[in-house]
Amino acid sequence: MNQQIFQNIKKFRTGLIIGAVIGLWTGNVPGMIFGAAVGFFINRWLFNAVLGAGSPQALFFKATFVVMGKVAKADGRVTEQEIEFARNVMTRMRLDEEKKRQAMAFFSEGKEADYDLSKVLRPLSLLIQRRSAVKIMFLEIQLQAAMADGEVSPKELQIIQQVCTYLKMSQQEMDHLLQRMQGQQAFYGEHNSQSAIEDAYKVLGVSPESTDAELKKAYRRLMSQHHPDKLVAKGLPPEMMQLAKEKTQEIQSAYDIVKSSRK
C-alpha cells in the first residue's frame, strides 16, 4: 500500500508541485497543502482521461500491433513476409491463443485506411515521454516490421516518421536508429566475414574509426537501453521481455565480433 502511494506521488508529482507552489503563493502552509492535493488529483484525472482505463502495458501492447498493421499496409498491400513477421513476433513473445487473437485484431485495426494513429500514439507519447529506452524499443519493432519484405519503402518511412513525431524523436535519432536496424538485418544475412564485421559496427552504431573507448561506451549504452528488467520497469509489457533479451544477445554478438577483429 505504501509503495503504491509512493508510485502515485512520483507519477503525478508535476501537478502536486505546481499546486503546492500556487497554494503557497496565494496563502500560507495550509494553502500549500490544499493546493498540492488539488494539483495531484487534477494531474491524475488528466492522465487517466488521456490513457483510458487500460494499463500502460496494455496500451504499449495495443500500439505495437496497431502501428505494425499501419506500416504493413502503407504500400497498399500487406505481404506474406509482413504477416509472417507479425506472427513471428507473437511467437517470440510467447503469447497464448487469446493474446494472439487480440494482437491480430489490433494488427487488422491498424490496416484500416481511415484508422487514426493519434488514438494510440498520443497516449503512448504521454506514457513514455521521458523513457527513451522504451521509445527506442518501440521504434525498433516498427522498423523491423517495415524491413520484413527486404526494404523500407518511402510510404513505410512516412509512417515511421509520423510515429517519431508523436514520440518526440528527432530526424537525427530516427536516421541513426534506421542505420543500426539496417546493419542488424545485414548482420544476420551475411556470410562474408569482412561484411559481417562492417555490419557489426552498424549494429553498435559506431564506425571502424571509433576508438576502443568509444566502442565500449556505445556497447554499454545499448546494453543498458535494452536491459529487459529495466524496460519492463519503465512500462514495457512483460510479454516483450523475450524481444529485449534477443536484442541484448544481438548487441553482445556484434560487440564480440568487433572486439575479435581488433585484436
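No lab work stands behind these numbers, since they all come straight from the coordinates. These numbers come from a predicted model, not from an experiment. FYI the Cβ positions are ideal-geometry reconstructions off the backbone, even for glycines, and counts take in every protein chain you see.
Quick notes
- Neighbourhood charge, 13 Å Cβ-Cβ cut-off, centred on Lys168 and excluding it, Lys, Arg +1 and Asp, Glu -1: +3
- Distance from segment 131-163 to segment 94-122 (C-alpha centre basis), Å: 16
- Segment Ser108..Gln172, full-extension length gain: 20.0 nm, with 0.36 nm per residue of separation and the alpha-carbon distance subtracted.
- Extension gain (nm, one decimal) between Asp96 and Gln162, 0.36 nm per residue minus Cα-Cα: 20.7 nm
- Taken over segment 56-262, the percentage of Cα pairs per 10 Å bin, counting from 0 up to the bin with the maximum distance, is 8, 35, 38, 16, 3, 0.
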